Each structure stands twice: as structure tokens, then as C-alpha cells.
Amino acid sequence: MRYLSTRGHADRKRFCEILLEGLAPDGGLYLPESYPQIAGRLAELRQVWATRGYADLAFEILKLYIDDIPEADLLALCRKTYTQEVFGSPEIAPLRRLEDGVYLQALSNGPTLAFKDMAMQLLGNLFEYELARRGEELNILGATSGDTGSAAEYAMRGKKGVRVFMTSPKGRMSPFQQAQMFSLLDENIHNIAIDGVFDDCQDIVKAVSNDLEFKRRYKIGTVNSINWARLLAQVVYYFAGYFQATTRDEQQVAFTVPSGNFGNICAGHVARMMGLPVARLVVATNENDVLDEFFRTGMYRVRVGADTHETSSPSMDISKASNFERFVFDLLGRDAAKTKALFSDALSAQGFFDLGQHPAFAEAKTRYGFASGKSTHLNRLATIRDTHQRFGEVIDTHTADGVKVAREQLQPGVPMLVLETALPIKFAATIEEALGQPPARPPGFEGLEAKPRKVRVMPADVAQVKAYITEHAAD
């Protein structure tokens, strides 16, 4: 299996090379040269899920993309990662019925109570394994709007050969999210609060990654979903959800995914491209509706920081969806020159591109199954309240965005699976606004907000972040 860049770089690399690299040298994102097909294997994979469990299902899917780690080692890494002790249930990503036709897939029972743990726990083990095999070290630079940061730090804390430099928008995360990250005092964890919005943090990560000399000198890697390994790990729970929602292998399902950076739902796109019978992939956005605007009109219009709304589903307060480039690359028939012209040239020059009149745009819906919808603060309050009153379920604000949009997109006879984003405690203020009482706090998180903190505040300045990495890279 070889991987190519969405922007046409000549290199073709193997999995373990791109695992430690992040962005391609030309600023593109890595994708496999072709998607492995599972046609005729669904019954076999269903049996793996039913008899051997999530970890072995992960192995069967991952080995289709990873051929430079011995299979015995890859299986051991999957079994080390996906355990009941870490994720709270033997199913790892259990499905529960909410109402007729609508299901919630629980993805937030890992160490940081967010779906990011599903991939990040595996990524931490993959990093440690590959770095030990090479006798190397890695400095991870990341950007978070809330959950990626804590999931990465909890997965990497204490890992040999790994240091984490995590940027986040100052004051834009919930108090619980901030406390989760900033209370980690491990020597290999560095939190950098950027005076700006998430997109500023993401721009810094990309700028550092595109400085190839700096990247190589300080061995910079990424954990954001621009890292293919992280997105690949997320593909697995689409299969697990499908097998729980169906009894026949030809049966269709749909997924609704709260999405800001397009990583979570891009994993669904990959699963569908592999042959998983997915009727539709529904993108649920908040007031920062860049993705919803595209799927409705064909216009992809990035907002500047001042126009990026601060919302009650803050992990989706994003106006530059990094993983969207992967989908557009497929939508345009894998034309790297056209993809580069849009994402490197048009966005830089004018801040938008418009595919509304392009013949391929209609295929986003017809061939690739995408639909979309939007939810606002009042919508999510109403959805949280209604879901609690009718079903006794307390859902977080992002999952509420998903449930609201899912109800609008139901098709008769097609189960709709809403991917849970986080546990409600992470957004307690809005839950209390909706229900008049705070959500339950899981055991082990008492007094989190009062713990000592370690964080450095900086302006949105690439040079200052580089200087900080230089200072601490050899700690």
C-alpha cells in the first residue's frame, strides 16, 4: 500500500513514513493510491465483530492499509488499545436506540470523554511502537478546538520518545476542556494558548509543517486529523456501528456526524468508498456553517477569525475544514492539479472557491451520498431538552446538533446513526441552561477545574511557536 498527496507530489510513501510526517511536502494531505474493497467480505467482518470483538475488527480493517508493520505486531497494538478497561464496555463503541429510526453510537467513553479517544489511543501506541523500532524521537505539534488536545495529551503522556506541543484558542474552550488539558503536568506535555480562534492555531500547525527544514530538524509530527493514521482509526467504528444496526449485509444505513474539521465524517467517506453500504453521510454544523453552505450551494467560503462565531458547541467553531481537501480530491476524480489550484491558490488569493456549476458537484450527493444541515444555540437547547424529557437521555451540545439534523434527514427504512461527540459534562453550562441542572460528572473527574495548571499564552505568531518548540524540543 502506497500513499499519495492530494496536491500531486511525486513521492509515494508507505504507512509508517506518513504516520510520523503529517502533511505531505507540498502541503497536501495523504490518501491511499486506491481504497481497498471489502465487497464479499462483509459477512466475514461481521463474524469477526460478533465473535472476536472491536479490537480484532480494527486489525482486519487496518491491515488493508498497513503492510509495513508485521501483522502480529499490528494485532497486538489493536488489542492493547481497544479494551473494556479503557473504553468502558466490551463493545467499545456501543449502539443504543434513541427513537424510531434514530440511534446514538457511543464514542465518548475513553479517558477524555470524547470521540477523539477512539483514534488517539491507537495513535499513541503506534507512535511509541514505530519510534522505538527506529530509535528516534518525535515532537508532535497540534491544534485543538477542545477535544483533540486532551485526547492527544492523555494518549501521549509518558510515552517514550514523544513530546506534545498543543495549541488551542485562548478562552474558547469550555472550562472542563481547558482543565483537562492544562492540568497535565507531565514533562513531555506543552500547552500553548493562542490569542485567536482555532483556525489561527490550525494555520500555525500547517505553517510549521510546511517549513520542511524546520520540520526535519526538529522531527515535527502531527496528531490532528490531517494525520492519515488518525483518520484511518476512525473508519473502524463506522463498520462497528453498521454491524450493530443491521442484520443483513446488503442493508443500507445512514450516519449523521457533527463536523467542523471534516475529519470524523471523512472517515465515513473512506468506509463508504471501501464498500460499506452507507446510503447517506449527513454533515451537521453549528452556526459556523461553512460545510453546510458547500453541500447546499457548492461554495466553500472560509471565514476570517472575526467572523467565526463563538458557540455552545465550541469544538465545531471552525471555518477551515482541513480534511475537506481529501473529499474534494476524490470528488474531482483525484485530479491533484485542480485540487491544488483550489486549496493552495484560490483559497489563499480570495478565501473561497465555488464548485456550484462544476459537473462533479452534483456527485457529492448522488455518487458520494453527502447531505447536510445546520443547528443553532436555540436548536441545541431544544434538542437537549426534548431528548431528556422523552427518552431520559442527556446528550452534549455537539451530539444535539447531530440529533437535530438527523431528524430532518431521515429516510424510511434506513437506520440513522448519530455519532456521539462527547459526554455532557464537558459542556456543563449549556446543559444546565437547557435542563436546569448540571450533568452528572463521571467518577475520577472530581475537582478537575481546581487542579494546578501548566500553559503558555502566546499571540498567533508562527515564529514564537517555533521558538518555543526549539527551546523545549530536547527536554
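Numerical summary
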| item | result |
| --- | --- |
| Normalised per residue, the volume of the convex hull around the Cα set of region 9-70 (Å³) | 100 Å³ |
| Spin-label pair K454/H358, simplified geometry with 7 Å Cα→Cβ offset, distance in nm | 4.5 nm |
| Check: region 342-445 dipole with +1 on Lys, Arg Cβ and -1 on Asp, Glu Cβ, in debye | 220 debye |
| Average Cα contact separation per residue, the chain, under 8 Å, 6 or more apart, as relative contact order % | 19 percent |
| Relative contact order (%) - criterion: Cα under 8 Å, at least six apart; region: region 261-372 | 37 percent |
| By average C-beta atoms within 10 angstrom, highest first, the peptides 194-205, 298-309, 331-342 | 194-205, 331-342, 298-309 |
| Anisotropy class of region 399-438 from Cα gyration tensor, a/c 1.5 cut | prolate |
| Prolate/oblate/rounded call for region 336-376, Cα gyration tensor, a/c under 1.5 rounded | oblate |
| Rounded to 5, percent antiparallel among DSSP beta bridges of the chain | 25 percent |
| Burial order of peptide ranges 263-269, 168-174 (average beta-carbon count within 10 Å, highest first) | 263-269, 168-174 |
| For region 50-145, convex hull of alpha carbons as volume per residue, Å³ | 140 Å³ |
| DSSP loop GluC sites (Glu not before Pro) with at most 11 other Cβ within 10 Å excluded, longest remaining stretch of the chain | 251-445 |
| For the chain, calculated [θ]222 nm from helices alone, where every DSSP H run of n ≥ 4 adds -39500 (n - 2.57) | -12000 deg cm²/dmol |
| Segment A346-R52, length gained on full extension (0.36 nm per residue, minus Cα span) | 101.0 nm |
| Chain lengthening between D73 and V86 when straightened (0.36 nm per residue, less Cα-Cα) | 2.7 nm |
| Segment A39-R12, length gained on full extension (0.36 nm per residue, minus Cα span) | 7.1 nm |
| Within region 23-88, trypsin sites (Lys or Arg not before Pro) in DSSP loop having at most 15 other beta-carbon neighbours inside 10 Å | none |
| Kyte-Doolittle mean at least -0.5 and Cα axial length at least 24 Å: DSSP H helices in the chain | 117-134, 228-245 |
| Simple label model, 7 Å out from Cα along Cβ direction - E187 to Q437, nm | 4.7 nm |
| H309-R385 FRET efficiency (beta carbon distance; Förster radius 25 Å; 0.05 resolution) | 0.70 |
| Computed label-point distance, nm, for sites R216 and E99 using a 7 Å Cα→Cβ extension | 5.7 nm |
| Anisotropy class of the chain from Cα gyration tensor, a/c 1.5 cut | rounded |
| Low-density loop positions, trypsin sites (Lys or Arg not before Pro), region 399-459 - DSSP coil, at most 14 other Cβ in 10 Å | R453, K454 |
| Given charges at Cβ of Lys, Arg, Asp, Glu: the chain dipole, positive-most of A440, T430, A207 | A207 |
| All Cα pairs of region 205-321, percent lying beyond 25 Å | 37 percent |
| Most positive-pole-ward Cα, H190, A240, S174, against dipole of region 149-241 from beta carbon charges | A240 |
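Every read-out reported here was derived from the displayed coordinates using simple, explicitly stated rules and does not represent laboratory data. Keep in mind the model is a prediction, meaning the values are calculated, not measured. When we count neighbours, we look across all protein chains shown, and the Cβ atoms used for this are built from the backbone with ideal geometry, even at glycine.
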